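Below is one structure, written out as structure tokens; comments come after it.
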Amino acid sequence: MNSYLTLDDMQWQELIQRTTQTFSDLTIKRGFQYFKQGRVRSSELSDPSSGVIDALVQGSVAEPYQVRLRVNSLSDSECSCPVEGACKHMAAVLLDYAQQQGRSIHALVNAHSMSWASSPITPNSLRPRTAAGQAAPSPPKWRDKAEQLPTLPITAWHELFDICTASLGTNTQNSFYAKNALAALHHIKPPLPADLEPLYGLHAHLFVLEKLVKQPASAWNSSGSYIGYHTQVAADHVQDQIGRILKDGLEDIEPGEAFRERLDETKTYIRRSMLVEPRNRKFFAKVYMQLWIYWISPVYGENQQTYADELKELQAAEGDFGASLSRAAWLTSQSLMHFYMRQDEAAWELLREADKLSTLSAEFVLGFFHMLYSASEWERLARWLPEIGPLLGSHRNEHLSRYQDYWDAVIEHIPEAAERMWNCLASLLPYSKHIYQNALMTHGRWREWIDYQLSTGREPLELRVSDLAPVEKHAPELLLPFYHQAVERYILHKNRDGYKAAVKLLKRLAKLYKKLKQQERWDLFITSLSVRNSRLRAFQEELRRGKLIS
């Protein structure tokens, strides 16, 4: 279908209303069955200006029915089937069109039960229906409710969000849904005090994140504890936005009493969501830590009672949630409270226990280091790095590079902590091999660097000349055994490639002996090598070609 007729949010809501006015609930449901069965064979937008769609729908007869659907005037649509008026074939084409637009087809399928159906689609009229399908008594206009948000609890905010996004449906959870839902919530945002502005943005995104990742078990696209690819992409994007809101939200803002009250409610909301989150999802666990780092801790500072009270709430959760408790998140959140209360040993023990249940994210582990780094708590950071650094062992190199950066900062302020760093990096091998070698180079530990290359069987030709340049400059004699052993290995290959590699290294050795002013030793070595391998005709050829022998 041509895609240049795009509906905005208001036009979409109007289409949902027209659907209920044109099609009976039964007709829509039957059209949904046809749509799922793939009976809409072709669909083309023939008149973009008036929204006319020509389509073929396979019915129960041999020849498909011809449908002309008028999106802007559904009641004037036509179908070649015997049914007079709106039929299931038209409904199927309508659902196909909704899918092409990236809209929720279930918002149309369930249009008769939507709260928008009984009143004109305007920002000031949302009238739900009773179970009998009749209009319920008119509630306060949602604009009025929105204006009361500064005085309402967070639960009321989310109830309003639910009403204002109802027409988007609940089953097509992807980036289109997230974008449209956030646009709807932005549309209803009333003027707010400066300190509540970021709080509103946070909860709008939290609401959408929850809708994305907390699918009911009965949802048509539910697949157990895992979410689909498109939902994952949307959720990751929303979570990134939450991170930016939390990092930047309190800049140049003086939190007032209303903010503190809502912040306490926010803490409770996120804690509850985190503690029942499946262990393969860590969305709310990440948000929980960010909330404490960027908002709660700066607001409450050294008030130890805040952290002690939260720890009690967390400890009580084991009895409250029972088998549904996400134990890894439960343990890590307690470790964060112990961290703030400077009870480091208790925090380490909880983190190790949590890592056994579900591998901790590198970002979570590095978060503790970042807090200590930002506070210039060098002695404490020097204790934390070796204790929970091993939890980063299986993560990617870029995370370990950041880990090394924290060690470098510690050593800059506490030089005597260097030995602890070397012991820790060695204990992380082989995962830490890149940062271990870089650290050896940075700190001029040339012998240890060479010993590591020899112990791991690293070939000199695998390294760039620039990698070896610092050793050649400061401790060239250490390269001699590295090169000599490699030459012998290459010769033992007894093939042309091996001989060429050996000669390449021998040329480096010649320069090295010259630099060390040991020309006589070099001459003795190359003569002996040539004599020992005189039967290797190809090797002799490569030596002469490399001008190492005459």
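The values are calculated or read from the model by the stated rules, or taken from the named source; none is laboratory data. Fair warning: this is a prediction, and the values are worked out from it, not measured in the lab. Because the Cβ atoms are built from the backbone with ideal geometry, glycine has one as well, and the counts that use them run over all protein chains shown. Areas reflect the complete protein model, heavy atoms only, side chains present, ligands, DNA and RNA absent. Shrake-Rupley method; radii C 1.70, N 1.55, O 1.52, S 1.80 Å.
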Self-check item: Förster radius 35 Å - calculated FRET efficiency between Thr456 and Lys514 (Cβ-Cβ, nearest 0.05)
Solution: 0.75
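Can you tell me the accessible area per residue over the chain, all protein chains present, probe 1.4 angstrom, in square angstrom?
Values: 27100 Å² over 550 residues.
Averaged over the residues of the chain, the accessible area is 49 Å².
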Quiz item: Say R0 is 56 Å: what FRET efficiency, to the nearest 0.05, do Arg447 and Asn303 get from their beta-carbon distance?
Solution: 0.65
Quiz item: Once region 293-396 is represented by equal point scatterers at the alpha-carbon sites, with solvent omitted, what log10 I(q)/I(0) does the Debye formula produce at q = 0.10, 0.19, 0.22, 0.24 Å⁻¹?
Solution: -0.28, -1.01, -1.29, -1.44
Exercise. Could you tell me which of Ser24, Tyr177, Pro430 has its Cα farthest along the dipole of the chain towards the positive end, charges placed at Cβ (Lys, Arg +1; Asp, Glu -1), taken about the Cα centre?
Key: Pro430
Exercise. Within 10 Å, count the other beta carbons around each residue, average over each peptide in 332-341, 186-195, and list them highest first.
Key: 332-341, 186-195
Exercise. Give the accessible area for Glu419 in Å² (nearest 10); use a 1.4 Å probe, count only protein heavy atoms, and leave out ligands, DNA and RNA.
Key: 100 Å²
Exercise. Quick one: order Asp405, Asp467 from most to least accessible surface, probe 1.4 Å.
Key: Asp405, Asp467
Quiz item: Tell me, what HN-Hα J-couplings in whole Hz come from the Karplus equation 6.51 cos²θ - 1.76 cosθ + 1.60 at θ = phi - 60° for each residue of region 354-360, using x for Gly and Pro?
Solution: 5, 5, 5, 7, 7, 3, 5
Quiz prompt | Neighbour cut-off at most 13 other Cβ (10 Å), DSSP loop, trypsin sites (Lys or Arg not before Pro), region 315-362 | solution = Arg342
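Run the numbers on the chain and let me know its relative contact order in percent, using alpha-carbon pairs under 8 Å that are six or more apart.
Numbers: 622 pairs, mean separation 34.8, N = 550.
Contact order relative to length: 6 percent.
Report, to the nearest whole %, how much of the accessible area of the chain belongs to carbon and sulfur atoms, 1.4 Å probe, protein only. Mind dumping the intermediate values first?
Details: 13430 of 27100 Å².
C and S fraction of accessible area: 50 percent.
Counting other Cβ atoms within 10 Å of each Cβ, which trypsin sites (Lys or Arg not before Pro) in region 453-550 have at most 13 and sit in a DSSP loop?
Working: sites: Arg458, Arg464, Lys473, Arg489, Lys494, Arg496, Lys500, Lys504, Lys507, Arg508, Lys511, Lys514, Lys515, Lys517, Arg521, Arg532, Arg535, Arg537, Arg544, Arg545, Lys547; in loops: Arg458, Arg464, Lys494, Lys517, Arg535, Lys547.
Qualifying residues, ordered by number: Arg464, Lys494, Lys517, Arg535, Lys547.
Got a sec? What order do Glu254, Glu147, Glu265 fall in by accessible area at 1.4 Å, biggest, i.e. largest, first?
Working: Glu254 155, Glu147 110, Glu265 60 Å².
Sorted by accessible area, descending: Glu254, Glu147, Glu265.
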Self-check item: Positive minus negative residues near Trp422 (Lys, Arg vs Asp, Glu; Cβ under 10 Å)
Solution: 0
Practice problem: First measure r as the distance between the Cβ atoms of Lys547 and His493, then evaluate 1/(1 + (r/R0)^6) with R0 = 25 Å and state the FRET efficiency to the nearest 0.05. | Solution: 0.70
Quiz item: Percent relative contact order of region 391-481, based on C-alpha pairs within less than 8 angstrom and at least six residues apart?
Solution: 22 percent
Quiz item: Which angle from 0 to 90°, rounded to the nearest 10, does the C-alpha axis of helix 465-474 make with the longest principal axis of the chain?
Solution: 50 degrees
Self-check item: Virtual paramagnetic centre 7 Å along Cα→Cβ of Gln232, amide N under 12 Å, in region 160-202
Solution: none
Exercise. Enter the angle in degrees (range 0 to 90, nearest 10) between the Cα long axis of helix 519-532 and the first principal axis of the Cα atoms of the chain, meaning the one along which they spread out most.
Key: 80 degrees
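Could you order the peptides 287-299, 429-441 from most to least packed, using the average number of other C-beta atoms within 10 Å per residue?
Numbers: 287-299: 19.8, 429-441: 17.3.
Sorting 287-299, 429-441 by mean packing, highest first, produces 287-299, 429-441.
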Quiz item: Local charge sum around Lys494 (other residues, Cβ-Cβ under 13 Å, Lys/Arg +1, Asp/Glu -1)?
Solution: +2
Self-check item: Local net charge near Met289, Cβ-Cβ under 14 Å (Lys/Arg +1, Asp/Glu -1)
Solution: +2
Exercise. Round to the nearest 10 and give me the degree value, 0 to 90, for the angle of helix 25-36's Cα axis relative to the longest principal axis of the chain.
Key: 30 degrees
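Which entries of Lys473/Lys507; Lys473/Lys547; Lys211/Lys356 show an alpha-carbon separation above 21 angstrom in the structure shown? Don't skip to the answer; put the middle values down first.
On the way: Lys473/Lys507 17 Å; Lys473/Lys547 25 Å; Lys211/Lys356 29 Å.
Long pairs (Cα-Cα over 21 Å): Lys473/Lys547; Lys211/Lys356.
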